[in-house]
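> Structure in structure tokens, see below.
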Amino acid sequence: MAFSTEPKTPSKKVADPTRPSTILRTREELDAFDVTSEGWQRTLQRRYKTHEDMKGILNYVEDVDMALYDHFNMRVTPYLAQLMDRDNPNCPIRKQYMPFQRELNVRPYEVVDSLAEDDDMQDGSTVVHRYPNRALLLVTTNCGTYCRYCTRKRLVSHAEDAINRQKLEKGFCYLESHLEIDDCLLSGGDPLLLNDRQLEDILSQIRTRAPHVKFLRIGSRLPVQLPTRITPELCAIIERYEVQMINVQVNHSKEITPLFAERIRMLRKTGTMIGNQSVLLKGVNDNVATLRDLCMDLVSCGIRPYYCYSCDVAEGNHDYQLTLGRILKLYHALRGFISGPAVPTFVIDGTGGLGKMPIIPEYVRELANGEIWATNFKGQVQRMINLETKTVDQL
Ligand code: SF4
């Protein structure tokens, strides 16, 4: 089955011959590149846009039909390209970002909008209001690098940002008039892809017009894809508008570089909490050792492993998906072998808009006779005192 959506952009990519290319074409050029030597916006201009662009810096690049980019574009920052193993197509960074032909083989159970966000999108705005007190405000449809398993590939990766001032204004009005919303998450696309002025404007509108929002959060993958986005100027904005939490998405320890850790330290000084929401991805992080290292490396740089999502059933995602049984086994194997605060909550984001559902192995069981048995991480069981069936005398 092919993609069910119409192509978003024409497949023919015409280069402007008058514009000097900023792409680092050879591995030597790429290896010599110092990402801290220039501003983050300049580095964004150096992103790789097709698999052909990557052939000068990586070996064994899969040839894909250019029509694939009509549905979901490719962008890779040179910083991420530096982290990619030149000779190993199974490198965990390559697996997340390099396009592959099988993406076009959509399975019957895969859907365009697997979380049914469009159903909960408020008229004319980009506010998704699903939970009573929480709202998601989509602020851009662009990202620094496109993750091949993205849930929102129906929305993101357009050449132009599809979210304009008018839609944002409707979103601010919605937040302003819904006093029950005390938790607002900025997402997209990637909110940190907006420049400082645009981001500050959005935060200022929310803080001024919706003072009932007590918990203001930003979800962004840019700190992982291009850590130089975290600048003193950005930190000043985060502090000024009291953004209480920033959620990043690190899926493998290879993404926790010294530069990433340094910029996360800078961000933590603003007082914001930093959480991580990983996605469980076959071939990237679907084994206990990798997940254990990831969780411990996250806490070691001050990031709380918060959620571990099963990969959503968006179109073209089948190669990344794990069975529920496998996810339960991974969770069970993590618990007890790493510190409690380092264990994320494993969740499925229910299809059709059911929201997050925790995936938890059964540690406590009640038998038909009312006895309760609990199990520890080694599988040892113990009969518990059932306080509800005890009389005062018995206690
Ligand atoms: S950064 Fe987020 S929204 Fe953007 S492509 Fe990756 S998963 Fe999708």
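The values are calculated or read from the model by the stated rules, or taken from the named source; none is laboratory data. Quick caveat, the model's predicted, so the values are computed rather than measured. Cβ sites come from the backbone with ideal geometry, for glycine too, and all protein chains shown count toward neighbours.
> Considering only residues that are hydroxyl-bearing (S, T, Y) and either within 16 Å of the ligand (Cβ to nearest atom) or in a loop (DSSP other than H, G, I, E, B) (or both), which ones fall in the stretch 207-223? Walk me through it before giving the result.
Kept after step one, since they are hydroxyl-bearing (S, T, Y), are these residues of the stretch 207-223: 208, 220.
Within the stretch 207-223, just S220 meets the criteria.
> I'm checking my understanding of the structure. Among residues of the stretch 170-206 that are charged (D, E, K, R) and either surrounded by 16 or more Cβ atoms within 10 Å (Cβ to Cβ) or in contact (Cβ under 8 Å) with a residue 40 or more places away in the chain (or both), which one is farthest from R134 (Cα to Cα)? Quick ask: steps written out before the conclusion?
We begin by selecting, within the stretch 170-206, every residue charged (D, E, K, R); these are 170, 176, 180, 182-183, 190, 196-197, 200-201.
If we keep only those that are either surrounded by 16 or more Cβ atoms within 10 Å (Cβ to Cβ) or in contact (Cβ under 8 Å) with a residue 40 or more places away in the chain (or both) too, we end up with 170, 176, 180, 182-183, 190, 196, 200.
Details: K170: 17, E176: 13, E180: 8, D182: 6, D183: 5, D190: 19, D196: 25, E200: 21 Å.
Checked the stretch 170-206; the qualifying residue farthest from R134 (Cα to Cα) is D196.
> Which numbered condition in (1) modelled with pLDDT of 95 or more; (2) under 30 Å from D118 (Cα atoms) is the only one that D293 fails?
Unmet for D293, out of (1) modelled with pLDDT of 95 or more; (2) under 30 Å from D118 (Cα atoms): (2).
> Here is a follow-up. Taking the stretch 293-314 as the region of interest, how many residues are part of a loop (DSSP other than H, G, I, E, B) and touching a strand residue (DSSP E or B) at 6+ places or on another chain (Cβ under 7 Å)?
Count: 5.
> Moving to a separate point now. Report yes if E242 is surrounded by fewer than 23 Cβ atoms within 10 Å (Cβ to Cβ), in a loop (DSSP other than H, G, I, E, B) and among the charged types (D, E, K, R), otherwise no. Step through it out loud before you land on a result.
Numbers: surrounded by fewer than 23 Cβ atoms within 10 Å (Cβ to Cβ): yes; in a loop (DSSP other than H, G, I, E, B): yes; among the charged types (D, E, K, R): yes.
It is true that E242 is surrounded by fewer than 23 Cβ atoms within 10 Å (Cβ to Cβ), in a loop (DSSP other than H, G, I, E, B) and among the charged types (D, E, K, R).
> Scan the stretch 164-201 for residues that are in a loop (DSSP other than H, G, I, E, B) and more than 30 Å from M54 (Cβ to Cβ) and report the count.
Of the stretch 164-201, the ones in a loop (DSSP other than H, G, I, E, B) are 164, 178-182, 188-190, 194-195.
With the extra rule that they be more than 30 Å from M54 (Cβ to Cβ), the set shrinks to 164, 178-182.
Qualifying residue count, the stretch 164-201: 6.
> I want to confirm something. Restricting to the stretch 128-163 and keeping residues that are in a strand (DSSP E or B) and among the hydrophobic types (A, V, I, L, M, F, W, C), which single residue is farthest from the ligand (Cβ to nearest atom)?
Kept after step one, since they are in a strand (DSSP E or B), are these residues of the stretch 128-163: 128, 134-138.
Cutting the leftovers down to among the hydrophobic types (A, V, I, L, M, F, W, C) gives us 128, 135-138.
Values: V128: 13, A135: 17, L136: 12, L137: 14, L138: 9 Å.
Out of the qualifying residues, it is A135.
> Kindly check whether there is at least one residue in the stretch 21-37 that is at pLDDT below 60 and of a type in the set (S, T, N, Q). Spell out how you get there, then give the answer.
Of all residues in the stretch 21-37, those at pLDDT below 60 come to none.
Looking through the stretch 21-37, none of the residues is at pLDDT below 60 and of a type in the set (S, T, N, Q).
> Can you say whether R326 is of a type in the set (D, E, K, R) and either surrounded by 17 or more Cβ atoms within 10 Å (Cβ to Cβ) or assigned to a strand (DSSP E or B) (or both), as far as the supplied structure shows?
Numbers: of a type in the set (D, E, K, R): yes; either surrounded by 17 or more Cβ atoms within 10 Å (Cβ to Cβ) or assigned to a strand (DSSP E or B) (or both): no.
In short, no.
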